[in-house]
Amino acid sequence: MKYHVAEETVAYTGEQLHSNFALTVFGILGDSIVAFCGPCDVRKDKIVDIEDLRAGNRIYSENMLHFIVEHRDTDLEKSILRQVMLVNIIKDLINARLGGLVVRREHTDLYDGDAKLSVSVATVSPLSSLIHCGINISSANTPVKTRGLDDYRIEPVAFARRVVEEYARDTDRLYSARCKVKWVE
């Protein structure tokens, strides 16, 4: 599993959630997780979650830490399980930094009390399974009550490095666990 944390700002509009994004933008071939900071403003025609689309929800943040994951399989259920794994990694790292259980996961979203920290979606294309997870850096001017990494004094780029390293390590361990067992009769 390859990973990359970009130093440059990249705006997330939903158009980035496509096969070969990491290859096209960062030159990373194969299964990957990439992270970058930048604003988030997803146009209606790029919203993947049908419930969000039907509810007219706006997906917006002045500044987010974005993760885009791509695996070369098209199993949506497996992609959703990977999404849960990623969100749990993020939750655990934030809580470890804060020294307690402050942030909780509700399905694939993170909350601190009634303030939302994240947006997240998993989907598939004909080539691969894809995940986008965005964690607010700034909680200013969001369409719902939010908290962000700035509120916890967490530096986003260093935090992103820890997340992508742990996700890649866990993914590699899953692969190893799958390969080391024999089938039963």
Requested in this report: Please work out if Val181 is β-branched (Val, Ile, Thr) and open to solvent by 70 Å² or more (accessible area, probe 1.4 Å).
Outcome: yes
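Within the range 52-59, identify whether any single residue is basic (Lys, Arg), without any contact (Cβ under 8 Å) to a residue 60 or more places away in the chain and more than 26 Å from Tyr175 (Cβ to Cβ), and answer yes or no.
There is at least one residue in the range 52-59 that is basic (Lys, Arg), without any contact (Cβ under 8 Å) to a residue 60 or more places away in the chain and more than 26 Å from Tyr175 (Cβ to Cβ).
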Report task. Can you work out which of the residues in the range 96-105 that are assigned to a helix (DSSP H, G or I) and either at positive phi or loosely packed, with under 15 Cβ neighbours inside 10 Å (or both) is nearest to the chain's Cα centre (by Cα)? Result -> Ala96
Query raised in the report: For the range 152-178, which residues satisfy the criterion of being surrounded by 15 or more Cβ atoms within 10 Å (Cβ to Cβ), over 23 Å from His71 (Cβ atoms) and touching a strand residue (DSSP E or B) at 6+ places or on another chain (Cβ under 8 Å)?
Result: Pro156
Query raised in the report: Only one of (1) farther than 24 Å from Ile47 by Cα; (2) part of a strand (DSSP E or B) is not met by Ile135, so which one is it?
Result: (1)
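Conditions tested, residue by residue: (1) open to solvent by 10 Å² or more (accessible area, probe 1.4 Å); (2) not in a helix (DSSP H, G or I).
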{"residue": "Arg82", "(1), (2)": "yes, no"}
{"residue": "Met85", "(1), (2)": "yes, no"}
{"residue": "Asp92", "(1), (2)": "yes, no"}
{"residue": "Leu110", "(1), (2)": "no, yes"}
{"residue": "Ser120", "(1), (2)": "yes, yes"}
{"residue": "Pro126", "(1), (2)": "yes, yes"}
{"residue": "Thr142", "(1), (2)": "yes, yes"}
Query - Members of the range 11-22 found to be open to solvent by less than 30 Å² (accessible area, probe 1.4 Å), at negative phi and out of contact with any Ser or Thr (no Cβ under 6 Å at 6 or more places or on another chain), listed by number - result: Tyr12, Gln16, Leu17, Phe21
**Report entry** Tally, over the range 41-75, of residues that are at pLDDT below 95, basic (Lys, Arg) and assigned to a loop (DSSP other than H, G, I, E, B)
**Finding:** 2
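The values are calculated or read from the model by the stated rules, or taken from the named source; none is laboratory data. The structure presented is a predicted model; accordingly, all values stated were derived computationally and were not measured. Note: ideal-geometry Cβ built from the backbone for every residue, glycine included; neighbour counts use all protein chains shown. We work out accessible area using only protein heavy atoms, side chains counted, and drop any ligands, DNA or RNA first. Shrake-Rupley method; radii C 1.70, N 1.55, O 1.52, S 1.80 Å.
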